[in-house]
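Encoded as structure tokens, the structure appears first; notes follow it.
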Amino acid sequence: MKKEYKKLAIAFSGPSNSGKTTLVVKVSEILQKSGFKVSIVKHDPKDKATFDVPGKDSDKFSKTGADVAIVSPTRTTLFKQDSSSIDEIIELLGEFDYLLVEGLKNLPLPRISVFRNQLDENYFSVTNAIAFDETIDENQIPSNIDKLNLNNPEEIITWIENNAKRV
């Protein structure tokens, strides 16, 4: 019998150093330990991420401007020379239970914004929930936005279960 995947997508936003990546890692690890297949998409708005060691074959291939796929016994890495829509990425990823997207504020996905030390009201219009720690005064969070404990990934997973978009 073929496994039925949940195909639930959720996005995480927040300023630099707010704890987004740490939260995504914790949520992913818990979900995977529970037997779920997790995919993660990271937005790199400043185009600064690198994916290979300079001088290695795959680095040389990608510097030619070609799209390059590196296939090994345990992984496939794709170096595509232009941006992709979220629908294209979902198709490339194939089957998953949870898609965790970090960034991409304009995507029409339910969104958890992450804050420590200070809120940024610019995120409120694209946010469904705010994950925050004790450095934030929760009375400053609008009442129409769900409040989540940044240090309680299980609570955040429950919110995801109830609010993520099926894609």
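The values are calculated or read from the model by the stated rules, or taken from the named source; none is laboratory data. From a predicted model like this one, the values you see are computed outputs, not experimental measurements. For neighbour counting, all protein chains shown are included, and Cβ atoms are generated from backbone atoms with ideal geometry for every residue, glycine included.
Taken as a whole, the condition of being closer than 17 Å to P153 by Cα, surrounded by 17 or more Cβ atoms within 10 Å (Cβ to Cβ) and at pLDDT 90 or above does not apply to F36. Here segment 50-82 is the region considered, the condition is being of a type in the set (K, R) and farther than 21 Å from S39 by Cβ, and the residue that is nearest to the chain's Cα centre (by Cα) is K63. When residues in segment 108-167 are screened for being crowded, with 20+ Cβ neighbours inside 10 Å and touching a Gly at 6+ places or on another chain (Cβ under 7 Å), 4 of them pass. Taking segment 51-76 as the range and being surrounded by 13 or more Cβ atoms within 10 Å (Cβ to Cβ) and either of a type outside the set (A, V, I, L, M) or out of contact with any strand residue (DSSP E or B) (no Cβ under 9 Å at 6 or more places or on another chain) (or both) as the test, the residues that pass are D52, S58, D59, F61, S62. Considering segment 77-162, the qualifying strands (runs of 3 or more DSSP E), each wholly inside and each with 2 or more residues that are aliphatic (A, V, I, L, M) and either within 20 Å of V41 (Cα to Cα) or modelled with pLDDT of 95 or more (or both), run over 98-102, 111-115, 129-132.
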